Amino acid sequence: MIPCLDVRDGRVVKGVQFQNLRDAGDPVQLARAYEEQGADELVILDVSATPEGRGHAVDTVSAVRSVLSIPLTVGGGVRTEADARRLLDAGADKVAVNSAAVRDPTLLTRLAERFGRQCVVLSLDAARTDHGWQPVVRSGVERVPQDAIAWAVEATERGAGEILLTSWDRDGTRSGYDLPLLTAVSDAVRVPVIASGGADSADHLIAALRAGASAVLAASIFHDDDTTVAALKDALAAAGLETRR
Amino acid sequence: MRVGVVTTGAANLASVRAALLRAGAEPVLVESGSALQGIDRLVLPGVGAFGPAMAGLRERGLDAGLRAHIDAERPLLAICLGLQLLFEGSDESPGVRGLGVFPGRAQLFPTSVAVPQMGWNRVIAPGSAHMRDGWAYFANSFRVACGGPRSGAGASDRAKDASSTCAERTELDACDSRKWTSAATSDHGGPFLAAVERGPLLACQFHPELSGAWGAALIARWLSC
C-alpha cells in the first residue's frame, strides 16, 4: 500500500485531474505518519510548475529520506540522467519518468544502464478512448496518439522495472480504479504494476489487487484523514489478501 | 560509531547512509583499499550489475581489502548485489569471478514470476543471530537459489526434497556447516537465499535500510555485534 504525496514548492497538495490544487500538509510529517501506519512504500510526485519549485523538490526528498525507512519513488519533471542522479543522490530509491520517456524512449534504457532497472519506474497516465487507452503527458495537457498498453510493453523492454499506472479519467474522482486498464497492462508486462487513480475505499484497493495490480497507490483518502493505512490493511487481510503488517 | 560504506561510484547510497544515521552510526565513504585503514565495521551496498561492480572493486583495490576484512572476522553488512558479490559468480555477468567467500552463484529468477522482484516478501530466519522472521523489501532480478527453509523436525525430508527437485540449487545444509552459520530464505518462484551470516558477517539479498522498523532493528542488532 503506497501513499502518494503530490508536492509543489515543498508542500503536499491535492487536486482533481491535476487542477485546483489545495494544501494538504507537510511532506516530512505525512511521510513519517504513513510509515508508522504501515505504508509499504512512498511516492512523491513533484507537481511544481517552475524551476524554482523543482529546486525545492530535491530538498523535500532529502528531508523525507532522513526520516523514512521504506522505499521512496520520486517523479515529476525527470527529463535527463542528471535529473535522476540529483533525486537519487537526495535520497530517492527509484525515479519515475513520464512525459520525457514518451518523447524519447531511449531515456529509459539510459537510466536502466546507469542506475539499474530497479531504479526506473515508468509513470504512465492513461486516458480511455473508444478503443482502449492512450498515454497522457504534460500533466494531462496532451494526449499521445499511441496505444497505452503497447507503450507499457515497450517501456519495460527498454528498461522500466516497474509501472506506476494512473487512470487519468479516475484520478482524484474517488470512483474506484480503472480495473480493465489494470488487467490489460498487468497481463501484458512482467514487471510490477502499481494501481493509481480513483481509490476511495478498501473495496477499491481489493478489486485492484485482484485485477492484477502488485500494489495500490492512493492520495486523497489518506490526506483527508478518512481512513488510515493500518485500517485499510486490516480490510485487505480480512479479504484474504497477503498483507505485510 | 564509524561505519565504512564501500562505494564503487555507481551505487545510490543515500538510503543506506540515512539508515545508519538513524541508528546512531557515522557513515564514512570508503572509495579505495587504503581507505579501509582504521575501519572496523563495513557496509557493502550493491546496486547495479555484477560485472561492473566487481570491476569497480578491483580497480580501487577494494576486493583484496574486503577479503582481508572478512578473513579477520570484522563486521560486514552486505546488501543486495553486495550479497551476490560474496559468492563465486553470477549469470548476470558470465566469466566474472566474485569474491568467492561463499560457494554458489546467482542466477536469474525463473520466468514464471515477475522480474525484477520489486516489493515486500516474507523472510524465514531459523536459528539466526541477527535475523528475525518478518517482511523485507527486495529489488533484484538475480538470486542464489537454495533448498527450502531449515527447520528442526523434518529437516532431512526437506533436504532430500530440495536436492531431488532442483540440481542447480545451492544445497543449504551441505554449505551450511562449511561456510555460513545460518541462512534465511524467501520464496519467489522457489526458495532462495534471503540472507546468510557467519559471526559478524551478515549478507542480505533484501534491503534492510528500506525494510521499515524490522530492517531498522536488524541494522541495530548488527551494529551492536
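Descriptive notes on the structure:
- Looking across region B:107-141, the residues that are assigned to a loop (DSSP other than H, G, I, E, B), closer than 18 Å to B:P208 by Cα and in contact (Cβ under 8 Å) with a residue 60 or more places away in the chain come down to B:A125, B:S128, B:A129, B:H130, B:M131, B:R132.
- Per the listing B:G24, B:G104, B:G98, B:G4, the residue uniquely within 14 Å of chain A (Cβ to nearest Cβ) and under 22 Å from B:F206 (Cα atoms) is B:G24.
- Test: residue in region A:150-162 that is more than 14 Å from chain B (Cβ to nearest Cβ), part of a helix (DSSP H, G or I) and of a type in the set (F, W, Y): yes
- Among (1) at pLDDT 95 or above; (2) under 26 Å from B:R122 (Cβ atoms); (3) surrounded by 18 or more Cβ atoms within 10 Å (Cβ to Cβ) - the single one A:A237 does not satisfy: (3)
- Of the criteria (1) part of a strand (DSSP E or B); (2) closer than 19 Å to B:L218 by Cβ, which one B:G24 fails: (1)
- Pairs, first within 14 Å of chain B (Cβ to nearest Cβ) in region A:212-229, second part of a helix (DSSP H, G or I) and among the polar types (S, T, N, Q), C-beta under 7 Å, six or more apart: A:G212/A:T183; A:G212/A:S186; A:A213/A:S186; A:V229/A:Q37
- Candidates A:V95, A:V78, A:V47, filtered to the one that is of a type in the set (A, V, I, L, M, F, W, C) and more than 24 Å from B:N140 (Cα to Cα): A:V47
- Identification of helices (runs of 4 or more DSSP H) wholly contained in region B:142-225 with 3 or more residues that are at pLDDT below 65 yields B:155-165, B:172-179.
- Unmet requirement for A:R245, which otherwise passes all of (1) surrounded by fewer than 17 Cβ atoms within 10 Å (Cβ to Cβ); (2) at pLDDT below 95; (3) outside any loop (DSSP other than H, G, I, E, B): (3)
- With respect to being over 27 Å from A:I221 (Cβ atoms), more than 16 Å from the chain's Cα centre (by Cα) and basic (K, R), A:R65 falls outside the description.
- When residues in region A:51-69 are screened for being surrounded by fewer than 16 Cβ atoms within 10 Å (Cβ to Cβ) and at pLDDT below 90, 3 of them pass.
- Residues of region A:70-90 that turn out to be surrounded by fewer than 24 Cβ atoms within 10 Å (Cβ to Cβ) and small (G, A, S), as a count: 4
- For region B:12-43, a tally of residues being in contact (Cβ under 8 Å) with a residue 60 or more places away in the chain and buried (at least 17 other Cβ atoms within 10 Å of the Cβ) returns 8.
- Hits in region A:18-48 (condition: among the β-branched types (V, I, T) and in a loop (DSSP other than H, G, I, E, B)): A:V47
- Annotation: of all residues in region A:177-194 being part of a loop (DSSP other than H, G, I, E, B) and more than 16 Å from the chain's Cα centre (by Cα), the one that is nearest to the other protein chains (Cβ to nearest Cβ) is A:R190.
- For region B:40-56, residues that are part of a helix (DSSP H, G or I) and within 16 Å of the chain's Cα centre (by Cα) total 3.
- When A:R79 is tested against the conditions (1) under 23 Å from A:S167 (Cα atoms); (2) touching a strand residue (DSSP E or B) at 6+ places or on another chain (Cβ under 7 Å), the lone failure is (2).
- Among the residues of region B:203-225, those that are in contact with a Lys or Arg (Cβ under 9 Å, 6 or more places away or on another chain) and aliphatic (A, V, I, L, M) comprise B:A216, B:A217, B:L218, B:I219, B:L223.
- Considering region A:55-105, and only residues there that are assigned to a loop (DSSP other than H, G, I, E, B) and at the interface with chain B (Cβ under 10 Å from one of its Cβ atoms), the residue that is nearest to A:E154 (Cα to Cα) turns out to be A:D93.
- Within the option set B:G82, B:G51, being within 14 Å of chain A (Cβ to nearest Cβ) and out of contact with any Gly (no Cβ under 8 Å at 6 or more places or on another chain) holds for one residue only, B:G51.
The values are calculated or read from the model by the stated rules, or taken from the named source; none is laboratory data. This is a predicted model, so every value here is computed, not measured. Cβ coordinates were reconstructed from backbone atoms using ideal geometry, including for glycine residues, and neighbour counts include every protein chain displayed.
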